[in-house]
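**Q** Pasting a structure below so you can have a look.
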Amino acid sequence: MAAVASAGCLIATAAVVGPVQAVPAPESVSRVAPLAGATLPTQLIGVGSAQQLIVVTDPTPTRYATLTAYQKVGSVWHRMLGPMTARIGRNGFVKAANRVQGTGTTPTGSFALGPSFGSGTSPGTAMPYRTFDSTDRWVYDKSDPSTYNTYQPSGNWDNQEKLSQIKYGQYRYAVVIGYNHPVMSMSASTRPHASAGVNTRLGGGIFLHVTKYIPGNSHSEPTAGCVSVDLLQMKALLKWLNPAKNPRIIIGSRSTIVRSSALKASSAVTPLMTTRTIGYSRSGRAIMAYHRAGSSPTRELVVIGVIHGDERKGLAVTTLLKSLKLPTNLGVWIIPTMNPDGMRSDVRGNARGVDLNRNFPYLWRSANAGTSRWSGPSAASEPETKAVKAFLAKVKPKLVVIFHSPLGGVDSYGAKSLKTVKRFAKAAGYPVGYFDCAGGCHGTLTQWFNNHSYSGQAITFEFGSATPSRASIRRVATALTSVASSL
């Protein structure tokens with residue numbers, strides 16, 4: 001049997017066997033309303049005549065990046081999908097011309113997109129699409145330059161990927177990235193030859209595909225050079241892509257993909273928002289955090305919009321915080337929801353039925369099994385709880401605010417500083433409340449954080465039963481940043 005290559009974007013070994021398996025369906029990406037005036041595409045190197053653009057930037061040391069999809073209508077760029085979390089090569093970005101086969105790096109630059117392929121039928125994409133079978137493979141064998149970085153319908157090479165044997169569903173859907181002159185035929189019988197100019201030093205098989213999740217792990221895996229996103233996000237991207245719009249992907253840190261004049265012009269403004277996946281829900285949906293900062297941040301605020309899936313009024317605050325002007329000394333971490341399962345199903349608990357605000361390991365007790373307030377089988381049993389605990393331990397914020405409804409007020413029960421609660425309530429235009437969970441709260445996020453060894457404090461905010469006005473939302477968000485910056 002031929003060796004299974006690691007030259008492409010997957011980290012594979014000869015032990016990888018079996019059919020393609022569907023990965024869990026992490027957070028879906030619904031098409032957002034197009035936003036006019038998206039400025040980033042106008043600042044980028046290599047856009048050319050593209051009318052559809054995928055931008056992969058803001059890499060982190062843990063090999064995550066942010067992916068955003070834009071479309072040009074007339075002379076105006078619109079943001080269509082994202083920002084969403086992407087995984088990149090296990091060894092990060094490298095300039096395309098400097099990449100070496102098998103190094104686990106993602107090439108940077110501007111590349112054409114297409115065609116596409118997958119283990120199942122087309123999801124409804126306009127891109128040329130091939131459903132691969134058990135004999136299909138991608139070849140990167142240096143000893144055979146005539147087939148290097150090509151799709152082949154059959155045959156054996158010393159270095160290749162047998163597409164159907166990739167174990168964790170990364171090729172459920174994929175789009176070819178035009179790095180190092182890839183060649184893919186839409187015919188099951190045509191045997192493509194390598195394109196002129198292909199370089200066997202650089203590696204190949206660089207795709208945009210589905211992120212790898214190993215069963216039992218709460219985190220996703222980096223690639224060996226590709227760009228990957230969660231399953232439903234990949235499906236949404238494929239449905240959006242249109243070859244008639246000359247789609248391209250631009251990959252790299254902002255210092256390498258943004259024109260120098262645009263970098264210079266933006267050097268004095270607040271850094272753009274960055275995105276991080278801090279963990280995954282019980283059913284595998286991503287828990288996202290977005291970070292913005294003033295010019296000289298010395299303290300951090302964390303805002304959690306939703307912990308109970310059927311209490312969503314805090315989302316209006318987290319949305320506003322993504323664009324609100326910040327005090328110069330403040331960094332803000334925005335977590336729209338730590339309970340994506342509950343939000344998706346419009347229920348209080350997560351996919352296991354656990355009330356996440358009864359699952360934290362302070363005064364936890366086994367209670368309310370079979371109800372919407374079940375505290376779970378043990379303290380911090382849920383992946384959502386573990387993810388937020390680990391995130392807060394790393395960030396060590398001065399202030400954490402968690403939104404609920406419909407009680408209406410800023411909670412003083414279990415407060416670490418009643419003075420801060422009163423200041424926040426006055427600035428936000430809400431009364432100070434005392435919400436003791438009908439006799440004594442247990443296992444709440446606020447209690448856990450306030451009784452941990454951190455120097456910061458957590459506050460529970462309850463919207464009322466009525467829908468808050470835009471003015472009220474702005475006042476609450478401004479109060480958050482004002483109070484946090486002064487702690």
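**Q** Being touching a Gly at 6+ places or on another chain (Cβ under 7 Å) and either assigned to a strand (DSSP E or B) or assigned by TED's automatic domain parsing to the domain that holds D436 (or both) is true for just one of G353, G309, G284. Which residue is that?
**A** Details: G353 fails: touching a Gly at 6+ places or on another chain (Cβ under 7 Å); G284 fails: touching a Gly at 6+ places or on another chain (Cβ under 7 Å).
Exactly one of G353, G309, G284 is touching a Gly at 6+ places or on another chain (Cβ under 7 Å) and either assigned to a strand (DSSP E or B) or assigned by TED's automatic domain parsing to the domain that holds D436 (or both), namely G309.
**Q** Do you know which of the residues in segment 313-327 that are out of contact with any helix residue (DSSP H, G or I) (no Cβ under 7 Å at 6 or more places or on another chain) and of a type outside the set (G, A, S) is surrounded by the fewest Cβ atoms within 10 Å (Cβ to Cβ)? Show your work before the answer.
**A** Here is the first cut: in segment 313-327, the residues out of contact with any helix residue (DSSP H, G or I) (no Cβ under 7 Å at 6 or more places or on another chain) are 313-315, 318-319, 322-323, 325.
Restricting the remaining residues to those that are of a type outside the set (G, A, S) gives 313, 315, 318-319, 322, 325.
Working: K313: 22, L315: 16, T318: 20, T319: 15, K322: 12, K325: 9.
The extreme case among them is K325.
**Q** For the structure I just gave you, tell me whether L330 is buried (at least 24 other Cβ atoms within 10 Å of the Cβ) and either farther than 30 Å from G376 by Cα or not assigned by TED's automatic domain parsing to the domain that holds P61 (or both). Working first, answer last.
**A** Working: buried (at least 24 other Cβ atoms within 10 Å of the Cβ): yes; either farther than 30 Å from G376 by Cα or not assigned by TED's automatic domain parsing to the domain that holds P61 (or both): yes.
So L330 passes the test.
**Q** Among (1) at pLDDT below 90; (2) surrounded by fewer than 17 Cβ atoms within 10 Å (Cβ to Cβ), there is one condition W138 misses while meeting the rest; what is its number?
**A** Tallying (1) at pLDDT below 90; (2) surrounded by fewer than 17 Cβ atoms within 10 Å (Cβ to Cβ), W138 fails exactly one: (2).
**Q** A follow-up question, please. Between T274, T190, which is modelled with pLDDT under 80 and out of contact with any Leu (no Cβ under 8 Å at 6 or more places or on another chain)? Lay out the reasoning, then the answer.
**A** Details: T190 fails: modelled with pLDDT under 80.
Answer to the selection: T274.
**Q** Within segment 38-49, can one find any residue that is at pLDDT below 70, touching a strand residue (DSSP E or B) at 6+ places or on another chain (Cβ under 7 Å) and assigned to a loop (DSSP other than H, G, I, E, B)? Can you show your working first?
**A** Of all residues in segment 38-49, those at pLDDT below 70 come to 38.
This time we only want the ones that are touching a strand residue (DSSP E or B) at 6+ places or on another chain (Cβ under 7 Å), so: 38.
Right, trim to assigned to a loop (DSSP other than H, G, I, E, B) and you get 38.
Within segment 38-49, one or more residues are at pLDDT below 70, touching a strand residue (DSSP E or B) at 6+ places or on another chain (Cβ under 7 Å) and assigned to a loop (DSSP other than H, G, I, E, B).
**Q** Residue under question is K386, and the condition is that it be part of a helix (DSSP H, G or I), under 29 Å from T277 (Cα atoms), without any contact (Cβ under 8 Å) to a residue 40 or more places away in the chain and under 28 Å from the mean Cα position of the chain (by Cα); does it hold?
**A** Details: part of a helix (DSSP H, G or I): yes; under 29 Å from T277 (Cα atoms): yes; without any contact (Cβ under 8 Å) to a residue 40 or more places away in the chain: no; under 28 Å from the mean Cα position of the chain (by Cα): yes.
So K386 fails the test.
The values are calculated or read from the model by the stated rules, or taken from the named source; none is laboratory data. Every value quoted in this text rests on a predicted model; they were computed, and no experiment measured them. Ideal geometry is used to build each Cβ from the backbone, glycine not excepted, and the neighbour counts take in all protein chains shown.
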